[in-house]
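Working notes, beginning with the structure itself.
The values are calculated or read from the model by the stated rules, or taken from the named source; none is laboratory data. Here the structure is a predicted model, which means the values were calculated and not measured. Positions of Cβ are backbone-derived with ideal geometry, glycine not excepted, and every protein chain shown enters the neighbour counts. Quick note on the areas: whole protein, heavy atoms, side chains included, nothing else; ligands and nucleic acids left out. Shrake-Rupley method; radii C 1.70, N 1.55, O 1.52, S 1.80 Å.
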Amino acid sequence: MSRETRASRSERTGNEVTRELRADGGEQLATTDSDIEAAIRENHPALITYITAGDPSLEDTKAYVEALDRGGADLIELGLPFSEPTAEGPTIQAAINRALDAGTTPGQFFDLVDDLSTEAPLLVMTYYNMILQYGPSEASRASKAGAAKPQNKPDVRPFVERAADAGLSGIIVPDLPAEEAGPLRDACDDHDIDLVFIVAPTTEGERLDRIMSQVSGFAYVQARLGTTGARADVSNATHDSLTRLADYDVPKAVGFGVSEGDHAAEIVDAGADGVIVGSALVDIIANHGAGDAPAADELEAKVRELKQGARRGREEAPEPEQP
Amino acid sequence: MSRETRASRSERTGNEVTRELRADGGEQLATTDSDIEAAIRENHPALITYITAGDPSLEDTKAYVEALDRGGADLIELGLPFSEPTAEGPTIQAAINRALDAGTTPGQFFDLVDDLSTEAPLLVMTYYNMILQYGPSEASRASKAGAAKPQNKPDVRPFVERAADAGLSGIIVPDLPAEEAGPLRDACDDHDIDLVFIVAPTTEGERLDRIMSQVSGFAYVQARLGTTGARADVSNATHDSLTRLADYDVPKAVGFGVSEGDHAAEIVDAGADGVIVGSALVDIIANHGAGDAPAADELEAKVRELKQGARRGREEAPEPEQP
Amino acid sequence: RTFGDYGGQYVPEALMPALQELEDAYERYVLENEDGFMDEFSERMRDFGGRPTPLQRTDRLSERYDREIYLKREDLVHGGAHKLNNALGQVLLAKYMGKERIIAETGAGQHGTATAMAAAHLDMPCEIYMGRTDVNRQRPNVYRMRMNGAAVNPVEAGSGTLKEAINETLRDWATTVENTHYVIGSVVGPHPFPRLVRDFQSVIGAEAREQIQEQAGRLPDSVVACAGGGSNTMGAFHEFVPDESVDLYAVEAGGSSLDIDEKEGVAPNSATLSTGTDGVLHGALTKLLQTDDGQIVESHSVSAGLDYAGVGPELSRLVETGRVTPTSVDDEAALNGFHRLSNLEGIIPALESSHALGYLEENYEELGDLVVVNVSGRGDKDLETVLEETEKRDLDAAPDVEVFDA
Amino acid sequence: RTFGDYGGQYVPEALMPALQELEDAYERYVLENEDGFMDEFSERMRDFGGRPTPLQRTDRLSERYDREIYLKREDLVHGGAHKLNNALGQVLLAKYMGKERIIAETGAGQHGTATAMAAAHLDMPCEIYMGRTDVNRQRPNVYRMRMNGAAVNPVEAGSGTLKEAINETLRDWATTVENTHYVIGSVVGPHPFPRLVRDFQSVIGAEAREQIQEQAGRLPDSVVACAGGGSNTMGAFHEFVPDESVDLYAVEAGGSSLDIDEKEGVAPNSATLSTGTDGVLHGALTKLLQTDDGQIVESHSVSAGLDYAGVGPELSRLVETGRVTPTSVDDEAALNGFHRLSNLEGIIPALESSHALGYLEENYEELGDLVVVNVSGRGDKDLETVLEETEKRDLDAAPDVEVFDA
């Protein structure tokens, strides 16, 4: 039995994102699949990659995104840096600091995205305050110059609008739980952008249902408690989470700690539709420093290794039961 | 009218110290005058000198005492050093510290006094604890080796006995007010030793009577509030105190701050029977340091100057009224 | 979950179940006194913490300002500040909830020392995150925490101050949330923390309200408290909020200037209520010091305890509705306030509290005839800072600096 | 004027009228509450000083020693120790007497800071004498005094510690006695100081006696307090002296050894009641650490506040009559006591008070089922000393020293 998700509910309500995800590996595509869902389904098991925009510069990021694309990434998450990255481990935290030190702004970020044309759909990953503050009106800007003047309430719509314009397919907000996501969910719906939610090892019962009723694109399965960061093994929590999610008809991608092809294989083996790799790629960028995109080749090779790992996992995976 | 003093009371009670001090300058001696009273009377106005025993060594002290004697001191106070000289100013405090650093003990002090034969009678000036602790029995000494053993109560008699044996004529104890002086007063009486009390600028009324009823030898008139130490002027307090004491029939000697012949003159002029000089002499000793009694000549000259000053004061003094 | 639009729970998904569990515990133990929780809390605050603290009528300040000035003496709480009210409450709550481990962040070290004391008292293992810069400049507080048996984990990231410590504690909590309680140090963070901390701190105002009526025969015309995160502020104000006749003044750290350097991402102040804009930080929608883009700026104050770019969401709301008046005084006024109280009343106040005293000096005429000032903590911890800062300036209320050289 | 043979007034004649004046004021204001003096004193100790202090039942110490251990929390008094009880009392008395100036001596700075606070509070000019060595090693206390508006006069003589400071203060007083009151810091000195200070401090025991009966339903089996000069000791004991069933333990500083080096004039301890002999120091006949000749020796203790070669004459008498049991623990036991209370109870005690806690650890079996320990002050002031001394030793109760290096 398939439990209700945003996808299945949308279908019933006649929403334009009407679609059906088949748990047998995505062979059967619904016509209104989003770009993201389509990318996962078509390339199952999918490899989702993350790097931070502006690390170490936006020029480098452009070259690195293209390298990820060449290497076979099926989806690419681009981090828009925020000064308080409380959900990140040391690796991505450092990347974000490098990007901020380079002066990366949301405006420049969107300009970069405007400039990119990759095969893989792009998502932006950022913290909620960056979304709230984007593109304030002239009146609001003026109010910040002095003390205690009236201020427009922050609004998520300018950000989502600009993201849609730039061709972004999805948004991930690590500090926005389903309970607070109403305004952003609505704005994303209005602009056909997927809003990805994270499912944690601690997410169970009613809360799991609530998240799954809001998620679109894919469910970001957090492999373990804690923060992002490359680790040497795959935790039991991953297996448990995938088991808990088995009945929901939305793609599941596992992140937090995936660093090697073998991890990818094991995760796909455990039933995931995709793996998300971030810190392992950011490490490569960090090791090469600034210059003329010196990490591009290594990134491309790493993505290839991971993609192969994921495929190996698929071959080893038991045949999924039909829903 | 002459107010009652220890001297006049003793006379009435048939005590062996029966004597009468005449305020006209001591021409008329009572037969039982103490050595100290006799010295003041015979050499009126008397010069009383103080140095610290053991500063900088007991050998030096012997030579210095002899120099004071040669210079014309009429009485010589020898300080027995105590570690907490709370009534002293910086000069004598430093002298006491030098004496303690040199290892001066009460035993050595008395040995020195045994050795001295001066024309001027000698007094010991020390703090009460030195008197209390002198010459404990063997049992008491033993008790101090361990913790919390029974202990003999400290007693003033061994000290007074030894002082009498050594030929000391008087004792001055700057931290022993009349109220606490009973035991020492009794012991001194038993050994024919004078007990000199200090009269402060704050001493008035009943307390003055109480002190004067216990004093013997002379009343040590404290020239000003504060501690010992050479000063450049003679205070009003000196005049006030001498006026307050005018009716008591005991010699009055003024100390605390007398440093020059002119001071001595002024004090005698104001009606004192003697002047006490300490810090000015200790300064000379301090300036010469250790060696073969290098300050002796200068001490002798200083005493001569002071004695002449006191005599000058006497000549200028108005004729005292007959009692 | 919110105060008007302010508040909420903007945290990683992994923490949400813990917040729900905490909300449940808050309702049962704090609001409903289940198992006598609040009774035990009050008793321990009395016997261990030293409550009630006095409300002291000042002789010399009252004369100086020609009105009745009362001080609420939170500097006398065990540990030297109001911080224990909250720390003890939360550690005790964690014990009732069956948690096995306590974590907390600390900036200057006041909340860390309070939490370490409470954890030692209640026999709970405790780890404190503290920025490397703060560790190095607040050694005595590091020693105190360690002597109380807490581990102190230096945070090397960023500028090594409070913000980084909070971030790192959130990361620990995201990893250990199942057996660990995070003792947030102020009325900030996601729901239910702002309410929970406020309720533990509201004893300040509850006592003061009763004491002033007993001692002065009526409610005060105004209550003045400094505001950083806002825990002493909400603690002092909460019970007076329904008393419409009582004006409430939140005095923020004006630092050296109220302007923000957008380019450098630096605010030379911590006057969030006075100058901040709405945004989300550390789990709540509230007023913030941020750039137009939404990056949080480095705040600054001579008082480390006020040096925070956010503020409690309930205070944002009370300012929005006009119930609380946001104000600020600059570093110099605070330093003068420190010296003035030390010199006139024999009470060395925390530099935080000195802001309230600086405001009193500058604006006493607006405060009515009967004023309560919250002295949130004692200033022993600030001596070195005050000496350094006093040497740089020509302060009216300070002793000649040379006297400190002898 | 005496306690048995102990006590008296062994001072220069110039001071005697002032002592008589003080005795008169003591009788009128303290004993007879003339002009409501004692009422004002109590009120100020409540509002300014933070009294009453709690009597806290400990959870973990009680478990450790398998008996009821209560702590009297004088560490919560304004300023951080019981010292204010006396300082405020005397400064207030000086005001009632029409004196215009306050002087005091201080060793580690606790009495000096308390006096400076009291003088600021009561608007009295104040000068504190402090040995040069102490000035240099107790900078924070020097700053606190100066911030409270007091002048701090370094005393260059001798070893530059407490003894020299007392001597110098006596010299000042001998000069200025007509308009100046000397606030002696303990139950020492000439009559009436030992009684006066005791009476101001006896609030400790008066509160504790009432509190223990309220909380435990009966009088304690024993009261344990550290003893240097003895003001917290007499303060804690005085009200219990008539209760024959209550054993009273005065715990002295055993330093490194109880032996005296006669030749060097040095005692490596301050265990005056335990090992001293009768003599006169600073105005009173009492037990002293002295050589056979009567020279006062340099005492030593890891705790500066206990480091004194004399002791209050009333304590000498109470030991002589057997009412008080003199005991001591060494530096190491005190340091362990410091760490143990910090770690187990979240209370960082003064090193002075740590001696009482060290005695508790070593002798709890003799103390009965219900024990009151006086925590005379807080240990913030001692952090540096404790760190230094802990590094030199292998202490059972201390955290690993490396944790302080991070």
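Each of C:MET117, C:GLN90, C:LEU71 was scored by the projection of its Cα onto the charge dipole of region C:70-130, and the greatest displacement toward the positive side belongs to C:LEU71; charges sit on the C-beta of Lys, Arg, Asp and Glu.
Across peptide B:120-128, the mean count of Cβ atoms from other chains lying within 10 Å of each residue's own Cβ comes to 1.
The orientation-averaged projection of the convex hull spanning the C-alpha atoms of chain D amounts to 18.5 square nanometres. Candidates C:PHE338, A:THR126, C:PHE193 compared by Cα position along the dipole of the protein assembly as shown: farthest toward the positive end lies C:PHE193, with charges placed on Cβ.
Rounded to the nearest 0.05, the FRET efficiency derived from the C-beta distance between C:ASP243 and D:GLU43 at R0 = 22 Å is 0.25. Averaged over the residues of peptide C:377-389, the number of Cβ atoms from other protein chains lying within 10 Å of each residue's Cβ is 3.
Peptides B:235-242, D:277-284 ranked from most to least packed give D:277-284, B:235-242, packing being the mean of other C-beta atoms within 10 angstrom over each peptide's residues. Within region C:102-164, the proportion of Cα pairs with more than 18 Å between them is 22 percent. The charge dipole of the protein assembly as shown, taken about the Cα centre with unit charges on the Cβ atoms of Lys, Arg (+1) and Asp, Glu (-1), comes to about 1400 debye, rounded to the nearest 20.
Note: region C:260-406, Cα convex hull, 129 Å³ per residue.
Pairs of C-alpha atoms in region B:263-322 farther apart than 17 Å represent 46 percent of all such pairs. Each eigenvalue of the Cα gyration tensor of region D:255-340, multiplied by 5 and square-rooted, gives one semi-axis; in descending order these are 21, 17, 10 Å. Rounded to the nearest 500, the 222 nm mean residue ellipticity of chain C from helices alone is -12000 deg cm²/dmol, with -39,500 (n - 2.57) taken per DSSP H run of at least 4 residues. A quarter of the convex hull surface defined by the alpha-carbon atoms of region A:80-140 gives 5.3 nm² as the mean projection. Note on region D:25-171: Cα-Cα pairs beyond 21 Å make up 51% of the total pair count.
Using a 1.4 angstrom probe, figure out how much accessible area chain D has per residue, in square angstrom, rounded to the nearest whole.
Working: 11810 Å² over 406 residues.
That works out to 29 Å² for each residue.
Applying 1/(1 + (r/R0)^6) with r as the Cβ-Cβ distance of C:ARG1 and C:THR175 and R0 = 30 angstrom yields a FRET efficiency of 0.75. In nanometres and ascending order, the distances from the A:ASP262 label point to those of the other copies are 10.4 (point 7 Å from Cα along Cα→Cβ). Classify region C:166-221: rounded, prolate or oblate, from the alpha-carbon gyration tensor (a ≥ b ≥ c, eigenvalue square roots; a/c under 1.5 rounded; otherwise prolate if a/b is larger than b/c)? Cα axes put region C:166-221 in the prolate bin. Comparing Cα centroids, region D:24-41 and region A:90-106 end up 70 angstrom apart.
Projecting 7 Å from Cα along the Cα-to-Cβ direction, the label point of B:GLY167 sits 12.2 nm from its equivalents in the other copies, listed shortest first. Considering only A:SER34, D:SER202, A:PRO251, and ranking their Cα positions along the charge dipole of the protein assembly as shown that arises from unit charges at the beta-carbon of Lys, Arg, Asp and Glu, the one farthest toward the positive end is D:SER202. Distance between the C-alpha centres of region C:64-117 and region A:246-266: 44 Å, rounded to the whole angstrom. Stokes-Einstein diffusion for region B:157-240 at 10 °C, viscosity 1.306 mPa s, with a Kirkwood radius from C-alpha pairs, works out to 114 µm²/s. Given in Å, the Rg to one decimal and the Dmax to the nearest whole number for the Cα atoms of region C:326-369 are 10.0, 28.
Quick one: net charge of D:ASP75's neighbours, Cβ under 10 Å, K/R +1, D/E -1?
+1
Sorted from largest to smallest, which semi-axis lengths in Å does the alpha carbon gyration tensor of region D:245-288 give for its equivalent ellipsoid, taking the root of 5 times each eigenvalue? Each step should come with its number before you reach the end.
Working: eigenvalues 89, 54, 10 Å².
Equivalent ellipsoid of region D:245-288: 21, 16, 7 Å, largest first.
Between this copy and the others, label points of D:GLU362 are 5.7 nm apart in ascending order, each placed 7 angstrom from Cα in the Cβ direction. Remark: region C:1-118 carries a charge dipole of roughly 560 debye about the Cα centre, counting +1 on each Lys and Arg Cβ and -1 on each Asp and Glu Cβ. Region D:172-201 and region B:114-129 have Cα centres lying 34 Å from one another.
With R₀ set to 60 Å, the beta-carbon distance separating C:GLU32 from D:ASP261 gives a calculated FRET efficiency near 0.35. Counting only the backbone N, which residues of region A:105-127 are under 20 Å from the spot 7 Å out from the Cα of A:GLU59 toward its beta-carbon? Counting backbone N atoms under 20 Å from the label point, the list is A:105-117.
Among the residues of B:172-181, the average count of other protein chain beta-carbon atoms within 10 Å of the residue beta-carbon is 6.
Compute the signed sum of charges (Lys and Arg +1, Asp and Glu -1) over the other residues within less than 13 Å, Cβ to Cβ, of A:GLU179.
Result for the local shell: -2.
Other residues whose C-beta falls under 12 angstrom from the C-beta of C:GLU63 contribute a net charge of -1, scoring Lys and Arg +1 and Asp and Glu -1. Interface residues of region D:263-287, defined as those losing at least 20 Å² of solvent-accessible heavy-atom surface relative to the isolated chain (probe radius 1.4 Å), are listed as D:SER274, D:THR275, D:THR277, D:ASP278, D:VAL280. Spread over its residues, the convex hull of the C-alpha atoms of the protein assembly as shown is 190 Å³ per residue.
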